[in-house]
Structures are given as structure tokens and as C-alpha cells.
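Working notes for the structure below.
The values are calculated or read from the model by the stated rules, or taken from the named source; none is laboratory data. These numbers were taken from a predicted model, which means no experiment stands behind them. Note: ideal-geometry Cβ built from the backbone for every residue, glycine included; neighbour counts use all protein chains shown. SASA here: full protein model, heavy atoms, side chains in, ligands and nucleic acids out. Shrake-Rupley method; radii C 1.70, N 1.55, O 1.52, S 1.80 Å.
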Amino acid sequence: RIIAEFGEERHARRVAKAILRARAEAPILTTGRLASIVRSAVPRDPSGIDGATRSFQALRIAVNDELGEVERGLAAAMELLAPGGRLVVVAFHSLEDRIVKHAMAEATGRRGNASRHDPASLLV
């Protein structure tokens, strides 16, 4: 679930099964071994991105509660924001981006599912 949701890995089931098989043989004690197991479960990416990247992203997000930190940080920033103030947020991937967009829409009273290409559609 972590690899599928937080890593947005299309082959999350394959990765999970490969990890379970490997753990049945011996404990996974190093990140190098885990990366090798994950790489063996996902097709090679033509862009050259390491096959273990999404899975490691997922683990990092889960362990550090990064999405919870984004939510708490946004809430704290909005509390400190002066009336009429502006808040700029840089999101590094789609999971963070989604949280930021929803929080901003809720805080400003704008409706969701608007077109990002038509700013007027964001207004209530």
C-alpha cells in the first residue's frame, strides 16, 4: 500500500511480492539489497531513472510522515498569514501538490475541480 500510494508505483504489487520472496530467503539488511530486489521487479525505465526511486520515495514519505508535515505546515502558515497576505508553496511531487491545492482552495473559499488554465473558474 505504501509503495502504491506514496510512490505512485505502477508495479507496486510486483515489488511487494519480490520483497516478500526475498525476506523469506534472508532478512533484508541493506538499502543496496532492497534496491536490487525492487529493480528486479520493475521494468527498466527508458528515461534512465533508477527503478527503485519510486519505492524509496514511498518509504521516505511514510517514515518521515512527509504528507502530514505538509498539511501541518500549511495550516500553521495560514494561521500566521496576515489578512490579504500571500503564501507561496513549492511542492516537489504530485502528492504534495494535491494537498497544497486542496488546502488553498478550502482556505480561500474557492471551489475544487476548477481548470488551472482558466483562473476565473477558481472564483466562487
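In the chain, the longest principal axis of the Cα atoms and the axis of helix 66-80 are about 20 degrees apart. The angle between the Cα long axis of helix 12-25 and the main principal axis of the chain comes to about 40°, on a 0 to 90 degree scale. The label-point distance for Met78 and Glu8, in a model that sets each label 7 Å from Cα toward Cβ, rounds to 2.2 nm. Rolling a 1.4 Å probe over the protein heavy atoms of the chain, with every protein chain left in place, gives an accessible area that is 55 percent carbon and sulfur.
For Ser47, project a label point 7 Å along Cα to C-beta. Then give me every residue of region 76-94 with its amide nitrogen under 17 Å of that point. Residues passing the 17 Å test: 91-94. For GluC sites (Glu not before Pro), no site in region 36-100 is both called loop by DSSP and has at most 12 other Cβ atoms within 10 Å.
Among the chymotrypsin sites (Phe, Trp or Tyr not before Pro) found in region 1-99, those both in a DSSP coil and sparsely packed, with 14 or fewer other Cβ atoms within 10 Å of their Cβ, are Phe92.
The trypsin sites (Lys or Arg not before Pro) of region 1-67 that DSSP puts in a loop, and whose beta carbon has at most 13 other beta carbons within 10 Å, are Arg1, Arg10, Arg44. In plain terms, if you count all Cα to Cα distances in the chain and split them into 10 Å steps from zero, the share in each step is 11, 33, 25, 19, 11, 2 percent.
Size estimate for region 7-51 follows the Kirkwood approach: the inverse of mean 1/r over distinct Cα pairs works out to 11.0 Å.
For region 63-105, dividing the convex hull volume of the Cα atoms by the residue count gives 65 Å³ per residue.
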